[in-house]
1. Check L171, L158, L136 and return the single one that is under 19 Å from H15 (Cα atoms), of a type in the set (A, V, I, L, M, F, W, C), part of a strand (DSSP E or B) and modelled with pLDDT of 95 or more.
2. Restrict the check to region 152-170 and report whether at least one residue is closer than 19 Å to N43 by Cα and loosely packed, with under 13 Cβ neighbours inside 10 Å.
3. If T10 passes every condition in (1) β-branched (V, I, T); (2) more than 26 Å from M159 (Cα to Cα); (3) in contact (Cβ under 8 Å) with a residue 60 or more places away in the chain but one, which one does it miss?
4. Check region 219-229 and report whether any residue there is among the charged types (D, E, K, R) and surrounded by fewer than 15 Cβ atoms within 10 Å (Cβ to Cβ).
5. How many of the residues making up region 44-99 are in contact (Cβ under 8 Å) with a residue 60 or more places away in the chain, of a type in the set (S, T, N, Q) and under 22 Å from A230 (Cα atoms)?
6. Only one of these conditions is not met by L188: (1) surrounded by fewer than 17 Cβ atoms within 10 Å (Cβ to Cβ); (2) among the hydrophobic types (A, V, I, L, M, F, W, C); (3) part of a strand (DSSP E or B). Which number is it?
7. Based on what the data block shows, is D135 acidic (D, E) and within 20 Å of F203 (Cα to Cα)?
8. Kindly list the number of the only condition in (1) within 15 Å of the chain's Cα centre (by Cα); (2) within 26 Å of N87 (Cβ to Cβ); (3) in a loop (DSSP other than H, G, I, E, B) that fails for I183.
Amino acid sequence: MSETTTTQPTVVLVHGAFADSSSWNGVIKELHRDGFPVIAPANPLRDLHEDAQYLRTVLDSIDGPVVLAGHSYGGSVLSEAADGASNVQALVYIASFILDEGESTGELAAKYPGAELGTALHPVPFSVGNTSGSDLYIEQEKFHAIFAADVSEPTAVLMAATQRPIAAKALEDRAAKAAWKSIPSWNLITTQDLAIPADSMRFMGQRANATSVEIDASHAVSVSHPDAVANLIRQAARESARETVGAAAE
């Protein structure tokens, strides 16, 4: 990718399961107002390690510092992809998983009571070349209540119809790396979340020593509260830049 003349870090936004890059549209609009260059790549949603490898190629193509933010399963992917990436200065987890090595996304989703997403998933077998498995979709009639309760009904209907499925295997894959152990982290906890219980997000954020902020929102917070998401990303960019300057001065 070509070099940019801006002094702002590039923000890379990683969507999770049952969504696509357009779920960041409101957040991107907010960040562009402040002059942040933004990239929201398509997360393959096929295999945790392969998804992370793909994201790493995106990170490696960017000149200058990066603030890396992920929603839901996107957090699982970025934790592995950013390990050892020298240009990533901050990780921002948005209603997200913060896996440790050896843990799976599905395991962390079920760690605390309150997750209802599993009851709404519909598996669809697939076969592509030599690869086969099951894709998981949220049943469209349950999408609004469970995934996006604070999003308008017309918008939720569109999100349900255009949702990207995730391969069941990706939720079962165990993390091999945990970049939050070496990169400063921020954590947005959605207290009305029925996909990842707030207690699970609190546990993961505390373990990662992340700066945590709580908001009364559903799992689809990047759509319902893009301003709050953008504010946390701005905070991470500002505070991590200070830490980088301070470390360089020592």
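1. L136
2. Checked region 152-170: at least one residue is closer than 19 Å to N43 by Cα and loosely packed, with under 13 Cβ neighbours inside 10 Å.
3. Against the list (1) β-branched (V, I, T); (2) more than 26 Å from M159 (Cα to Cα); (3) in contact (Cβ under 8 Å) with a residue 60 or more places away in the chain, T10 comes up short only on (3).
4. Within region 219-229, one or more residues are among the charged types (D, E, K, R) and surrounded by fewer than 15 Cβ atoms within 10 Å (Cβ to Cβ).
5. Counting residues in region 44-99 that are in contact (Cβ under 8 Å) with a residue 60 or more places away in the chain, of a type in the set (S, T, N, Q) and under 22 Å from A230 (Cα atoms) gives 5.
6. L188 satisfies all of (1) surrounded by fewer than 17 Cβ atoms within 10 Å (Cβ to Cβ); (2) among the hydrophobic types (A, V, I, L, M, F, W, C); (3) part of a strand (DSSP E or B) except (1).
7. On the way: acidic (D, E): yes; within 20 Å of F203 (Cα to Cα): no.
Judged against the criteria, D135 is not a match.
8. In the conditions (1) within 15 Å of the chain's Cα centre (by Cα); (2) within 26 Å of N87 (Cβ to Cβ); (3) in a loop (DSSP other than H, G, I, E, B), I183 misses (1) alone.
The values are calculated or read from the model by the stated rules, or taken from the named source; none is laboratory data. Small disclaimer: the values here were computed from a predicted structure and weren't measured. Quick reminder, even Gly has a Cβ in these numbers, built from the backbone with ideal geometry, and neighbours come from all protein chains shown.
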